[in-house]
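The values are calculated or read from the model by the stated rules, or taken from the named source; none is laboratory data. The shown structure was predicted, so the numbers you read here are calculated from the model rather than taken from an experiment. FYI the Cβ positions are ideal-geometry reconstructions off the backbone, even for glycines, and counts take in every protein chain you see. Note: accessible area is taken over every heavy atom of the protein model, side chains too, but ligands, DNA and RNA are not part of it. Shrake-Rupley method; radii C 1.70, N 1.55, O 1.52, S 1.80 Å.
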Amino acid sequence: MQAPVRIAMWSGPRNISTAMMRAWGNRDDTFVVDEPFYAFYLKKTGADHPGAKEVIAAGETDWRKIVANLTGPIPNGRRIFYQKQMTHHFLPEVTRDWLREVTNCFLIRDPAEVIASYIKKNREPTVEDVGFVQQAEIFDFVRSQTGSVPPVIDAGDVLRDARRTLQLLCDAIGVELSNAMLSWAPGPRQTDGIWAKYWYAEVERSTAFAPYRERKTEVPKSLREVNYHCREIYERLYEMRLR
């Protein structure tokens, strides 16, 4: 019997995180969970997100129970437990100790592209909203605990060459790459969060990672300071990405 693998994939919002969840969820040996701390985050912060009351009512809001689920038996008897995690949902009061019990990976994206996507839903995101500061904090904690650099993948690399980047990721965490990760059937999934109707229209139409497109992204003047601060973090993590 191969040992179970619990993958916590830490990403900020408006990344390719849901498509990445599709890729892992398409494997026969993997169970996926979608943003397990979201209801807790919304209840604690009162953030004005689409369907917030519905998300809180449907989700677990006790972070201790969430952690117990993430580190407990893998549902449906699967060997791999893929956890799509949003860095900004991981509020400071949640203990970091349990991170030692999972394989922590980091999905990054150019902050200008993140901001350009985010402002379609929220015109004035803060540094905290886009999750880079929290991502760096989690990364640094994991690195200090393990004494090694945890796996980092960049969204641009995935879109340019999904097979190669996923192979690098799988090699880094000791999992065999499955061709099932490279394409999937369109439509919703039972494992999608209840918020899917507000956010997942594009991914529900997808059948694979979208091809990379070079974009000239203009950050609004009011958000240039946010972009500058996030870019410092992004470039540090980018230099440590799998390649």
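Which residue is most open to solvent (accessible area, probe 1.4 Å), if the candidates are limited to the range 201-213 and must be of a type outside the set (A, V, I, L, M) and at pLDDT 95 or above? If you could, list the steps in order and put the result at the bottom.
Our first condition is that a residue be of a type outside the set (A, V, I, L, M); within the range 201-213, this holds for 202, 204-207, 209, 211-213.
Applying the additional criterion that residues be at pLDDT 95 or above yields 204-207, 209.
Details: E204: 52, R205: 171, S206: 23, T207: 72, F209: 27 Å².
Result: R205.
If L242 meets every condition in (1) at pLDDT below 95; (2) closer than 25 Å to I7 by Cβ apart from one, which number is that one?
(1)
Identify, from the list G187, G193, G156, the residue that is at pLDDT 95 or above and at positive phi.
Details: G193 fails: at positive phi; G156 fails: at positive phi.
Result: G187 is the single residue among G187, G193, G156 that is at pLDDT 95 or above and at positive phi.
Take the residues in the range 113-140 that are closer than 18 Å to M86 by Cβ and basic (K, R); name whichever of them is least open to solvent (accessible area, probe 1.4 Å).
Within the range 113-140, the match that is least open to solvent (accessible area, probe 1.4 Å) is K121.
Within the range 214-227, restricting attention to residues that are open to solvent by 60 Å² or more (accessible area, probe 1.4 Å) and in contact (Cβ under 8 Å) with a residue 12 or more places away in the chain, which residue is farthest from V5 (Cα to Cα)?
Just the residues of the range 214-227 that are open to solvent by 60 Å² or more (accessible area, probe 1.4 Å), to begin with: 214-216, 218, 221-222, 224-225.
Imposing the further condition that a residue be in contact (Cβ under 8 Å) with a residue 12 or more places away in the chain reduces the set to 215, 218, 222.
Working: R215: 36, E218: 40, S222: 42 Å.
My answer is S222.
Quick one: count up the residues across the range 20-53 that are out of contact with any Phe, Trp or Tyr (no Cβ under 8 Å at 6 or more places or on another chain), part of a loop (DSSP other than H, G, I, E, B) and open to solvent by 30 Å² or more (accessible area, probe 1.4 Å).
Residues meeting the conditions: 4.
Regarding D110, is this residue in contact with a helix residue (DSSP H, G or I) (Cβ under 8 Å, 6 or more places away or on another chain) and surrounded by 15 or more Cβ atoms within 10 Å (Cβ to Cβ)? It would help to see each step written out before you state the result.
Working: in contact with a helix residue (DSSP H, G or I) (Cβ under 8 Å, 6 or more places away or on another chain): yes; surrounded by 15 or more Cβ atoms within 10 Å (Cβ to Cβ): yes.
The answer is yes for D110.
Would you point out which residue out of I115, I56 is among the β-branched types (V, I, T), more than 24 Å from I173 (Cα to Cα) and modelled with pLDDT under 95?
Numbers: I56 fails: modelled with pLDDT under 95.
So the residue among I115, I56 that is among the β-branched types (V, I, T), more than 24 Å from I173 (Cα to Cα) and modelled with pLDDT under 95 is I115.
Please work out which residue is nearest to A39 (Cα to Cα), limiting yourself to the range 141-194 and to residues that are among the hydroxyl-bearing types (S, T, Y) and surrounded by fewer than 20 Cβ atoms within 10 Å (Cβ to Cβ). Can you show your working first?
Restricting attention to the range 141-194, the residues satisfying the condition of being among the hydroxyl-bearing types (S, T, Y) are 144, 146, 148, 165, 178, 183, 191.
Among the residues that remain, those that are also surrounded by fewer than 20 Cβ atoms within 10 Å (Cβ to Cβ) are: 144, 146, 148, 178, 183, 191.
Working: S144: 29, T146: 29, S148: 32, S178: 32, S183: 29, T191: 15 Å.
Per the criteria, the residue is T191.
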